[in-house]
Amino acid sequence: MQVLLVGEAPEIAASVHALREEAGVELVRSTSPEEGVARLARDPFDLVIDASSPGAWLLDQVRANWPATARVAVVASGSPPSMSAYRAAHQLLARRPTAREVSELVLGLQRARALLDGPELAKLVGAIDTLPAMPQTSAQLSVLLRDDDVPIETVARVIERDPGTAAKVLHVVNSAYYRGQTEIRSIHLAACRLGLRALSRVVLAAEVGEWSTMAAPAAGLDAAEVSRRSARAARIAGQLAANLDLPGDAVTPALLADLGPLLLGLVAPRRLAMLLAQAPPARADERLADHLAGYLLGTWGVPGDLVNAVAHLGEPTAVEREVGIVSVAYVATRLVRGTPPLLDEVPTAGRARLWLRAGLRAG
């Protein structure tokens, strides 16, 4: 993995350099944004870390000219990042991060790039005009949640600043899967009920859903249908997971199931048309879309279990030995799309119960 660090950030440089032996990470340093752009024009890089200035000129250049390159902005500790940094960067990093934070960021991106396991996938990512940055509220939460002692009130206020996202979050957490005996009427109560980490996933799904609604027409999809389908898939996944008493979150992967087809539609509309025309869809096309979505989520620094769930939504056996949340999300998504789930894509352990709960015939 090739990493370009622009600006003075000795702690970050040392932590990235320490990954050379462990993970084959190569670090190149540049002193100024202009020099960084010149270096990018000569050599390909998987990741650019901008520690050069509080603005986002460099990352804007990367976004425009090298869209497949991951972008990380270094921000001062104790002060909120600029709006330009939120818009330009896939992830944010403190100026003096711990070695663990740097390692998790770089290795997470490396795992995401491993999803681009063929020339066609890499070509498709390169064809995306602008690899979207992480949605703003989710990006803010990713910074806040690095502090294990962040107050619930602080997290709730960040979410409530975007009324649309807050309303969608409350709608999701009042589903049968999350809800207890009483209705959740505030973000604060949602945080208490779910926990901050689980709540951040719901926020991410809500924001991606909003982006999907805007992006759907450009991808040749019906925005209202995409929204209805993801909501229905999440509801079914939640009910199945609850009925099977499965640990983990099956709702968020189901909510994000259309992210891959949307990305595929933006860069390869013919492949998307082929994917949607087949019942069941061709595995190669479905895998292509899912891996695109997993790659984007990995670029955003989303936890690895959610990246894996979305990236392998059409092939649960790749990540599960027995029926779990990926299998449940897979079945729910297939049911909503009107294509039958395939027996051999779901682990045999627990499959009969899942098929029974989903009202499917095994033969």
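The values are calculated or read from the model by the stated rules, or taken from the named source; none is laboratory data. None of these values were measured; they are calculated from a predicted model. Counting neighbours? That spans all protein chains shown, and the Cβs are built from the backbone with ideal geometry, glycine included.
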query = Looking at this structure, is residue 270 under 22 Å from the mean Cα position of the chain (by Cα) and of a type in the set (Lys, Arg)?
reply = no
Neighbours by Cβ (under 7 Å, 6+ apart or cross-chain): first from the range 38-53, more than 9 Å from residue 72 (Cβ to Cβ) and in the same structural domain as residue 65 (by TED's automatic domain parsing); second surrounded by 16 or more Cβ atoms within 10 Å (Cβ to Cβ) and basic (Lys, Arg) = 46/113
inquiry  = Give me the helices (runs of 4 or more DSSP H) completely within the range 113-194, filtered to those with at least 1 residues that are modelled with pLDDT of 80 or more, ordered by residue number.
reply    = 136-144, 152-160, 163-173, 187-194
query = Which members of the range 16-60 meet the condition of being out of contact with any Leu (no Cβ under 9 Å at 6 or more places or on another chain) and under 12 Å from residue 106 (Cβ atoms)?
reply = 18, 24, 26
ask   = Hey, residue 4 hits all of (1) touching a residue at least 60 places away in the same chain (Cβ under 8 Å); (2) outside any loop (DSSP other than H, G, I, E, B); (3) surrounded by 16 or more Cβ atoms within 10 Å (Cβ to Cβ) but one; which does it fall short on?
value = (1)
message = Let me confirm something: among 287, 321, 270, which residue is surrounded by fewer than 24 Cβ atoms within 10 Å (Cβ to Cβ), farther than 30 Å from residue 102 by Cα and modelled with pLDDT of 85 or more?
response = 321
query = Consider residue 60 against the criteria (1) acidic (Asp, Glu); (2) more than 25 Å from the chain's Cα centre (by Cα); (3) over 21 Å from residue 101 (Cα atoms): it satisfies all of them except one. Which criterion is unmet?
reply = (2)
remark   = Residue pairs within 9 Å by beta carbon, gap of at least six or interchain, first lying in the range 337-360 and under 14 Å from residue 321 (Cβ atoms) and of a type in the set (Asp, Glu), second assigned to a helix (DSSP H, G or I) and modelled with pLDDT under 90, listed first then second, are 345/283
